[in-house]
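Remarks on the structure that follows.
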Ligand code: NAD
Ligand code: FES
């Protein structure tokens, strides 16, 4: 059993949980993820590690309440336990000692981006960040990023904070004004990563994305996390979760992501009385 040491609400959809998980905390690196089960009858869900503390043996996860299991997870409080917390899974992000990198965090995608940018900054890389969300209340981790990012550009779809518009508008503006980056690291909704990659491809600007498809075992055996990258079949759980953004078949992945929406809505209705 894995004790929950703390739980904080970041906004009305997103929560942060600090879990005592000594094995994972000792070995994990930025980019890796865990698979948890809330209780012994629960389904397995993957969540990217947002932060870890080797001394305290803790791992921080940040999740959006989107379905049955994340709703059950959000009912847990500090002092409760989680049945399983397996990891670290996936390959650590390959972080290069570039001169200058820009991260793009879309909504809750800012959480897995955080450890990657923090480590790059510790390696001496100059790090900029575009933080985008639908509205001001959905922007997360801005203060934490501000401790090491050189420039932070906030965008909101409704204009309630920062610049009104999408993260891609801001990236285009920066590059057209002469900003030079060695790499873009974009993490957020698939549609965002697709359009960031379409924007940066003609510029030959290296773009890394992190994928989070449906997963079951997390060890390359079930095929649930299959994705096409550069025309080849890859399994996100063992070959990723990070990939070259210019090579990912986003449209196929978006179709696959939508496959279980009906079942998810059904179980929520049955078990939680939700729509
Ligand atoms: P969201 O739908 O509110 O989008 C966040 C931002 O993405 C928007 O504000 C906008 O700037 C940008 N965006 C959206 N559509 C765009 C488009 N067509 N072109 C350019 N930019 C666009 O985000 P959310 O509701 O917080 O959802 C976050 C998503 O991140 C979830 O779908 C989740 O699956 C995903 N996620 C990914 C990872 C990962 O490791 N890859 C981890 C956590 C979450
Ligand atoms: Fe089963 Fe990746 S989750 S192969």
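Quick look at the values:
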| quantity | calculated |
| --- | --- |
| Two-decimal log10 I(q)/I(0) for the range 1-100, as the Debye equation yields it once each C-alpha is a single scatterer, q = 0.16, 0.21, 0.22 Å⁻¹ | -0.64, -1.06, -1.15 |
| With Cα atoms, 0 to 90° folded angle of helix 190-200 axis to the chain main axis | 20 degrees |
| 0 to 90° range, to nearest 10: angle between helix 167-176 axis and the chain longest Cα axis | 20 degrees |
| Shape call, the range 99-215: gyration tensor on alpha carbons, a/c limit 1.5 | rounded |
| Kirkwood Rh (inverse of mean 1/r, distinct Cα pairs), the chain, angstrom | 19.1 Å |
| Taking 222, 237, 28, 149 and counting other C-beta atoms within 10 Å, the order from fewest to most | 222, 149, 28, 237 |
| Full-stretch length increase - residue 176, residue 163 - with 0.36 nm per residue and alpha-carbon distance subtracted | 3.0 nm |
| Using alpha-carbon coordinates, inclination of helix 110-122 to the longest axis of the chain, degrees | 60 degrees |
| Per-residue Cβ neighbour rank within 10 angstrom, fewest leading, 239, 137 | 137, 239 |
| Förster radius 35 Å - calculated FRET efficiency between residue 203 and residue 75, Cβ distance, rounded to 0.05 | 0.15 |
| Computed [θ] at 222 nm, deg cm²/dmol, the chain (DSSP H ≥ 4; -39,500 (n - 2.57); rounded to nearest 500) | -7000 deg cm²/dmol |
| Relative contact order computed over the chain (Cα-Cα under 8 Å; 6+ residues apart), in percent | 16 percent |
| Most mobile of 98, 246, 20 in a GNM of the chain (Cα contacts under 10 Å) | 98 |
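Values in this text are rule-based calculations from the coordinates and carry no lab data. Keep in mind that what you see is a predicted model, and the values were worked out from it rather than measured. Please note: Cβ atoms are built from the backbone with ideal geometry, for glycine as well, and neighbour counts cover all protein chains shown.
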